[in-house]
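Here the structure is laid out as structure tokens; the discussion comes afterwards.
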There are 2 protein chains.
Amino acid sequence: MSHDDAHPVSLQCGDCPIRHRAVCARCESSELDELEGAKYYRSFEAGQTVIWSGDKMDFVASVVSGIATLTQTLEDGRTQMVGLLLPSDFVGRPGRDRAAYNVTATTDILMCCFRRKPFEEMMERTPHIAQRLLQMTLDELDAAREWMLLLGRKTAREKIASLLSIVARRDASIRHRKMRGRLSFDLPLTREAMADYLGLTLETVSRQMSALKRDGVIELEGKRHVTVPDMDRLLIEAGDDSDGGLIA
Amino acid sequence: MSHDDAHPVSLQCGDCPIRHRAVCARCESSELDELEGAKYYRSFEAGQTVIWSGDKMDFVASVVSGIATLTQTLEDGRTQMVGLLLPSDFVGRPGRDRAAYNVTATTDILMCCFRRKPFEEMMERTPHIAQRLLQMTLDELDAAREWMLLLGRKTAREKIASLLSIVARRDASIRHRKMRGRLSFDLPLTREAMADYLGLTLETVSRQMSALKRDGVIELEGKRHVTVPDMDRLLIEAGDDSDGGLIA
DNA sequence: CGTAAAGTTGATATTATTCAACGGAAGTGG
DNA sequence: CCACTTCCGTTGAATAATATCAACTTTACG
């Protein structure tokens, strides 16, 4: 079905780049040892489908590196992205054996996997895992609700500005930079993926990107590299609270 | 601030109508005894605000009866409903001391409350509560993502049909009826609340309700009582998968 | 090069919003 | 009991926003 696992990977949990943020974040060393023994890695190339909605899903996983998307579709092909999976994010649901969404690798990705049944048993025995998963799920629920506001009530221009703010924020957080003044980052999404995220057509995305560029809110080098001369200006364009914040 | 608690209520957990669905669903009788001792009831009248986004929130609660809404707003007043709280649904987030959303009573409601700190401590000790809360949160996340598809990609007519299907489904489930053939139910929302839920204006909601009525998809008695002569027809109008399903 | 994929832009069509007028039901006070 | 008001809902006409269809450009890549 796919050429994942072409390059088997081995990584000690102690050295794992997502050790402190993933579902295992709260585990103690003895708990980590058990996970260490059960885990296995899978990798997918950019563009590959990890799983189709409705398919049997006998594993759960954490994204170690790279970006994947969760999408839902209507019968006639209209599609809506419902989540963006970044390193440390969790895929799959304990207690459910079929995927509820399509999962697609946007860049090359590496995932740390566990067979579902053993993971579920481990969760029963290990409150630290369940606690962390609850916390992560609550965060995702907040993010989903924030996105509902965007989808239901923001204009196309505000939607684009919001997406750019979020990508900028994530990038600043990874590189330990402040969210002020001049910032630049790569946009890991095609115009079509942006459209699917924002509930727009790709033409509208393109037009609004051009408009933001024309108005000096952003600068573009090539298609994917964005520079924001004034972050506050972008946040205002996004229409969020003046504190620039997601959840209050 | 409000005239809640005008009629103090007392209810044994064993007799509680949401006993088997709420956050306490998995608790054993000894655990229930502990909850019994810590709980208190609050009631709100239709239209009252339970809590404002950003306010200090020192309790968590389950909705026992009635309906409440979770909404988010933009500075200029645009508002989006991000959740509908039905009996057994949980309000508040362990580990967070400020409300992230506005909570408003749509009908008169009764809530079973716990002070937040004691509840958090109880959760640490009682995996049954944490497990159930995780399950409920995952369900809410699925519902939120289903709603994202609606907000981002459905037409106004499909949005209305989807909302009616969901209310019909809930009503059928409560009254133990099948989702087939002729069905009728009360709509617990004003046109404005429907609009806030669906990311539309109230005029568009009104027009589409009229259109569905004109086309024979629904019948209306008064403004709030809806009869669906053919449920399958409504599901087709909603644009969901032919199996009529939410999550696959 | 030549081709495919991604992106841009223009013209036009469609959809939903906005602004405005109006109708009916429920509640209030004389 | 009747005017009066308010809230909720409906409908129409004009407008604005976004989608659709289509042509064309740029970039990446064999």
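The values are calculated or read from the model by the stated rules, or taken from the named source; none is laboratory data. From a predicted model like this one, the values you see are computed outputs, not experimental measurements. Backbone-built Cβ (ideal geometry, glycine too); neighbour counts: all protein chains shown. Calculation scope for accessible area: heavy atoms of the full protein, side chains included, ligands and nucleic acids excluded. Shrake-Rupley method; radii C 1.70, N 1.55, O 1.52, S 1.80 Å.
A quick yes/no check of all residues on (1) open to solvent by 20 Å² or more (accessible area, probe 1.4 Å); (2) over 30 Å from A:Ala195 (Cα atoms); (3) of a type in the set (A, V, I, L, M):
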{"residue": "A:Glu31", "(1), (2), (3)": "yes, yes, no"}
{"residue": "A:Glu34", "(1), (2), (3)": "yes, yes, no"}
{"residue": "A:Val64", "(1), (2), (3)": "no, no, yes"}
{"residue": "A:Thr69", "(1), (2), (3)": "no, no, no"}
{"residue": "A:Asp89", "(1), (2), (3)": "yes, no, no"}
{"residue": "A:Ala99", "(1), (2), (3)": "no, no, yes"}
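Considering only residues that are modelled with pLDDT under 95 and in a loop (DSSP other than H, G, I, E, B), look in the range A:218-229 and name the one that is farthest from the other protein chains (Cβ to nearest Cβ).
Here the answer is A:Gly222.
Does B:Leu183 fit the bill of being more than 11 Å from DNA strand D (Cβ to nearest atom), under 21 Å from B:Gly47 (Cβ atoms), crowded, with 18+ Cβ neighbours inside 10 Å and among the aliphatic types (A, V, I, L, M)?
Values: more than 11 Å from DNA strand D (Cβ to nearest atom): yes; under 21 Å from B:Gly47 (Cβ atoms): no; crowded, with 18+ Cβ neighbours inside 10 Å: yes; among the aliphatic types (A, V, I, L, M): yes.
For B:Leu183, the condition - more than 11 Å from DNA strand D (Cβ to nearest atom), under 21 Å from B:Gly47 (Cβ atoms), crowded, with 18+ Cβ neighbours inside 10 Å and among the aliphatic types (A, V, I, L, M) - is not met.
Any idea how many residues of the range B:80-114 are at the interface with chain A (Cβ under 8 Å from one of its Cβ atoms) and of a type in the set (Ser, Thr, Tyr)?
1
Would you mind listing the helices (runs of 4 or more DSSP H) fully within the range B:100-208 where at least 3 residues are over 30 Å from A:Gly54 (Cβ atoms)? Spell out how you get there, then give the answer.
On the way: elements: B:116-125, B:127-153, B:156-174, B:191-198.
Passing ranges, in order: B:116-125, B:127-153, B:191-198.
Name the residues in the range B:49-72 that are within 8 Å of chain A (Cβ to nearest Cβ) and of a type outside the set (A, V, I, L, M), would you?
To start, the set of residues in the range B:49-72 that are within 8 Å of chain A (Cβ to nearest Cβ) comprises B:53-54, B:70, B:72.
The answer is B:Ser53, B:Gly54, B:Gln72.
Residue check, B:Thr137 against (1) under 23 Å from B:Arg26 (Cα atoms); (2) of a type outside the set (A, V, I, L, M); (3) more than 14 Å from the chain's Cα centre (by Cα), all met but one. Which one?
Against the list (1) under 23 Å from B:Arg26 (Cα atoms); (2) of a type outside the set (A, V, I, L, M); (3) more than 14 Å from the chain's Cα centre (by Cα), B:Thr137 comes up short only on (3).
Among the residues in the range B:115-133, are any within 8 Å of chain A (Cβ to nearest Cβ) and open to solvent by less than 30 Å² (accessible area, probe 1.4 Å)?
Checked the range B:115-133: at least one residue is within 8 Å of chain A (Cβ to nearest Cβ) and open to solvent by less than 30 Å² (accessible area, probe 1.4 Å).
Could you identify the single residue in B:Thr155, B:Thr201 that is under 22 Å from the mean Cα position of the chain (by Cα) and within 12 Å of DNA strand C (Cβ to nearest atom)? Steps first, answer last, please.
Details: B:Thr155 fails: under 22 Å from the mean Cα position of the chain (by Cα).
None of the others qualify; the one that does is B:Thr201.
From the list A:Asp215, A:Asp196, exactly one residue is modelled with pLDDT of 95 or more and either within 11 Å of DNA strand D (Cβ to nearest atom) or open to solvent by less than 40 Å² (accessible area, probe 1.4 Å) (or both). Which is it?
Details: A:Asp215 fails: either within 11 Å of DNA strand D (Cβ to nearest atom) or open to solvent by less than 40 Å² (accessible area, probe 1.4 Å) (or both).
Unique residue meeting the criteria: A:Asp196.
Please go through the range B:149-175 and pick out each residue that is closer than 23 Å to A:Ala193 by Cα and open to solvent by 60 Å² or more (accessible area, probe 1.4 Å).
Result: B:Thr155, single match.
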